[in-house]
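Undergrad: Pasting in a structure now, in structure tokens, and then I'll have a few things to ask.
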Amino acid sequence: MISVDGLTVEFGGSTLFSDISFVINEKDRIALMGKNGAGKSTLLKILAGTREATRGKVSAPKDTVIAYLPQHLMTEDNRTVFEETAKAFSHLHEMEAEINAINKELETRTDYDSESYYELIERVSTLSEKFYSIEEINYDADIEKTLLGLGFKREDFARQTGEFSGGWRMRIELAKLLLKKPDVLLLDEPTNHLDIESIQWLEDFLIDNGQAVVVISHDRAFIDRITTRTIEVTMGRIYDYKVNYSTYLQLRKERREQQQKAYDEQQKMIAETKEFIERFKGTYSKTLQVQSRVKMLEKLEILEVDEEDTSALRLKFPPSPRSGSYPVIIEGVSKSYGDHVVFHNANITIERGDKIAFVGKNGEGKSTLVKCIMKELEHEGALTMGHNVMIGYFAQNQASLLDEGLTVFQTIDDVAKGEIRNKIKDLLGAFMFGGENSTKKVKVLSGGERTRLAMIKLLLEPVNLLILDEPTNHLDMKTKDILKNALQAFDGTLIVVSHDRDFLDGLATKVYEFGNQKVTEHLEGIYEFMQRKKIENLHEIERRS
């Protein structure tokens, strides 16, 4: 369907990738993988037509609809949510207008044998076939279904888009793309601003709808479930695996082992050949053999092993000062804004060493309760902090509190104590601040980079109650694994607000669900909770029908 031929991208004197070719077929669901900076987002932009390659071409049949969701975007502010989403169907109105215009022109023309007349006939036939093959669509019902699936409430439909945060605007753009029913859907980090239920809805949608999908995502559970093919971008080339992400990891491991073996054998042969040349270069009887081996070495193509960060950093929190047995006790806590009740009569007892997850749809009060614990918001009811509780708090806005005058290295060097001081460079590298990036000033960092830096800073401070609000949004999979391993070994108490099921799996042993103005305790891990929720939802659907 889309053919990529000999694509090369060069900038700033370096090559991002060179001479890559592949085909996206109908119904392919492809995960685009590779470390940060490998060129995944650039490749997606070239496929979307928003960026040019240095050489090579991307071709697709005429009238192929390609829809692209970038990581960062801006929607206009002068429409309601429903009106903005309805723009998804503007291409159909344009198509209908063009058919009508051509038909009108054909009625007035008499040059029936001319080439331009035939071209018009062909164009209107193609357009009509496409237009009338689209089933009668109930636009309003489709818009409603898609917006509800992505977490909007009916009362949101008439609100102005300008009233919504960046994450919700991203959902409006996603709704528009999905409603276009494109032939190929290009998604760059689509789950960053979705809650667990919306992610599950999106997974089902992408699997059931049958269009081709190319996705960049650091949400392992999401890509494992939706993709059937994995294209890895590494060291300027690609490897194409016709398998999902988990199987690809295994195959990649085997590929790198084979590469390493071949590389080691070649290095051994080169060493032996050089030794022979050195030993016999003055010996008359061996002159021909020496010359032949020198030529062989000159022509030899040196094998490469694909880069893999083997530094597998073991990040260890400083020992936690001991807190009281119950760091947080929440009794009958309620929070409202005017008539709007966020949650009512929440009761939670958190014991020392608990690792708990706050989950639920966005807007149901997860971050609000965190802010109540942090004493940033007033509330009704009793919220008691235990003896000697020292809180480490991470939220997306922590990034704005960093000192802009310091470099990345100085920011971390100021808080690092003890043996971790010897590993600051490794730590920065693991969070994607390797090499020259560590000398950047905080003021020039992007939002995502500041978020990662604020996370590292928090990990080095001695605390016994860690509260993390969406900590994984700007982390790649390797960094998430480093963070998760550190949190599993953390000897204090942990509250984490997250929609990343893979991150929560094996980390949280209790789940608090926010929804319908209530906070409900579930004494189980995230997958058991989700399994049961899906069963409950099915029963509810049966009851309704």
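Undergrad: If you average the sequence gap of Cα pairs under 8 Å that are 6 or more apart and divide by the length of the stretch 137-208, what percent do you get for the contact order?
TA: For the stretch 137-208, the relative contact order is 42 percent.
Undergrad: May I ask which of Lys361/Lys480; Lys417/Lys510; Lys261/Lys299 have a Cα-Cα span longer than 25 Å here?
TA: Lys417/Lys510
Undergrad: Return the distance in nm (one decimal) between the two label points of a simple spin-label model at Lys253 and Asn347, each offset 7 Å from Cα along Cα→Cβ.
TA: Placing both labels 7 Å along Cα→Cβ, they lie 4.7 nm apart.
Undergrad: Follow-up. Kindly identify the stretch 329-407 as rounded, prolate or oblate by the Cα gyration tensor criterion: order the square roots of the eigenvalues as a ≥ b ≥ c, call it rounded if a/c is under 1.5, otherwise compare a/b with b/c, prolate if a/b is larger, else oblate.
TA: Note, shape of the stretch 329-407 comes out oblate.
Undergrad: Let me confirm the definition first: pairs of Lys residues in the stretch 134-254, 8 or more apart or on different chains, C-alpha distance under 17 Å. How many are there?
TA: So the count of such lysine pairs works out to 6.
Undergrad: Separate question: Given only helices, namely DSSP H runs of n ≥ 4 each adding -39500 (n - 2.57), what is the per-residue ellipticity at 222 nm of the chain, to the nearest 500 deg cm²/dmol?
TA: Value at 222 nm, helices only, nearest 500: -12500 deg cm²/dmol.
Undergrad: Still on this structure: Please list 3J(HN,Hα) in residue order for the stretch 43-52, calculated via the Karplus relation 6.51 cos²θ - 1.76 cosθ + 1.60 where θ = phi - 60°; whole Hz, with x for glycine and proline.
TA: 4, 5, 5, 5, 4, 7, x, 9, 8, 9
Undergrad: Tell me the trypsin sites (Lys or Arg not before Pro) within the stretch 379-436 that lie in a loop according to DSSP and have at most 14 other beta-carbon atoms within 10 Å.
TA: Answer in residue order: Lys417.
Undergrad: How do 24-33, 56-65, 490-499 rank on mean C-beta neighbours within 10 Å, highest first?
TA: 490-499, 24-33, 56-65
Undergrad: Pull out the extension gain between Lys440 and Val23, defined as 0.36 nm times the separation in residues minus the alpha carbon to alpha carbon distance; nm, one decimal.
TA: On the way: separation 417, 0.36 × 417 = 150.12 nm, distance 3.88 nm.
Here the answer is 146.2 nm.
Undergrad: Quick one: which residues, 5 or more positions from Lys355 or on another chain, have an amide H under 5 Å from its amide H? H modelled 1.01 Å from N in the peptide plane, none for Pro or chain starts.
TA: Residues meeting the criterion, in which the H sits 1.01 Å from N, are Leu494, Thr509, Lys510.
Undergrad: Further question on the same structure: Is the stretch 97-207 rounded, prolate or oblate when judged by the Cα gyration tensor, a ≥ b ≥ c being the square roots of its eigenvalues, rounded requiring a/c under 1.5 and prolate requiring a/b larger than b/c?
TA: Judged from the Cα gyration tensor, the stretch 97-207 comes out prolate (a/c at least 1.5, a/b above b/c).
Undergrad: How big is the antiparallel share of DSSP beta bridges in the chain, given as a percent to the nearest 5?
TA: 50 percent
Undergrad: How do 106-117, 350-361 rank on mean C-beta neighbours within 10 Å, highest first?
TA: Going by the mean number of other Cβ atoms within 10 Å, highest first, we get 350-361, 106-117.
Undergrad: Here's something else I'd like to know. Can you give me the pair-distance distribution of the stretch 1-150, C-alpha pairs, 10 Å bins, whole percents?
TA: 8, 25, 27, 25, 13, 2, 0
Undergrad: Considering amide H positions built from the backbone, and no H for Pro or chain starts, which residues 5 or more places from Tyr326, or on another chain, come under 5 Å of its amide H?
TA: Arg352, His387
Undergrad: Work out how much length Val305 to Arg51 would gain on full extension: take 0.36 nm times their residue separation and subtract the Cα-Cα distance, in nm to one decimal.
TA: 88.4 nm
Undergrad: To make sure I understand the rule: partners must be lysines, Cα under 21 Å from the Cα of Lys441, and not fewer than 8 residues away in the same chain. Which ones qualify?
TA: Within reach: Lys423, Lys425, Lys457.
Undergrad: For the chain, rounded, prolate or oblate, judged on the Cα gyration tensor with a ≥ b ≥ c (square roots of eigenvalues), a/c < 1.5 rounded, else prolate if a/b > b/c?
TA: Oblate, since a/c reaches 1.5 and b/c is not below a/b.
Undergrad: Next question. Please find the FRET efficiency linking Asn100 to Arg79, where r is the Cβ-Cβ separation and R0 is fixed at 30 Å, and quote it to the nearest 0.05.
TA: 0.70
Undergrad: Further question on the same structure: Give me the number: length gained by fully extending Glu278 to Thr228, i.e. 0.36 nm times residue separation minus the C-alpha to C-alpha distance, one decimal in nm.
TA: Between Glu278 and Thr228, full extension yields 12.7 nm more.
Undergrad: Could I ask something else about it? What number, in percent, do you get for the relative contact order of the stretch 393-527 if the mean sequence gap of Cα pairs under 8 Å and at least 6 apart is divided by its residue count? Don't jump to the answer; show the numbers that get you there.
TA: On the way: 165 pairs, mean separation 31.7, N = 135.
So the answer I get is 23 percent.
Undergrad: Probe of 1.4 angstrom, ligands and nucleic acids ignored: what's the accessible area per residue over the chain, in square angstrom? Could you put the intermediate results ahead of the total?
TA: Working: 27920 Å² over 545 residues.
Per-residue value: 51 Å².
Undergrad: Another question, if that's okay. Computing the accessible area with a 1.4 Å probe over protein heavy atoms, can you report the carbon and sulfur percentage for the chain?
TA: Carbon and sulfur atoms account for 48 percent of the accessible area of the chain.
Undergrad: Separate question: Relative contact order (percent) for the stretch 1-105, with alpha-carbon contacts under 8 angstrom and 6 or more residues of separation? Don't skip to the end; give the middle numbers.
TA: On the way: 89 pairs, mean separation 28.2, N = 105.
Rounded, it is 27 percent for the stretch 1-105.
Undergrad: Using per-residue counts of other Cβ atoms within 10 Å, averaged over each peptide, order 465-473, 1-9 from highest down. Could the numbers behind the result be given before it?
TA: On the way: 465-473: 22.3, 1-9: 17.3.
Per-residue Cβ counts within 10 Å, averaged per peptide and sorted highest first, yield 465-473, 1-9.
Undergrad: Further question: So who's got an amide H within less than 5 Å of the one on Asp19, skipping anything under 5 residues away but keeping other chains? H placed 1.01 Å off N, in plane.
TA: Result for Asp19 returns Leu7, Thr8, Val9.
Undergrad: Give the cross-link partners of Lys534 among the aspartates and glutamates, using a straight C-alpha distance below 13 Å as the criterion and excluding same-chain residues fewer than 8 apart.
TA: The reachable aspartates and glutamates, counting only those whose Cα sits under 13 Å from Lys534, are Glu197, Asp204, Glu542.
The values are calculated or read from the model by the stated rules, or taken from the named source; none is laboratory data. Remember, predicted model here, so these are calculated numbers, not experimental data. When we count neighbours, we look across all protein chains shown, and the Cβ atoms used for this are built from the backbone with ideal geometry, even at glycine. With ligands, DNA and RNA removed, areas are computed over all heavy atoms of the protein, side chains included. Shrake-Rupley method; radii C 1.70, N 1.55, O 1.52, S 1.80 Å.
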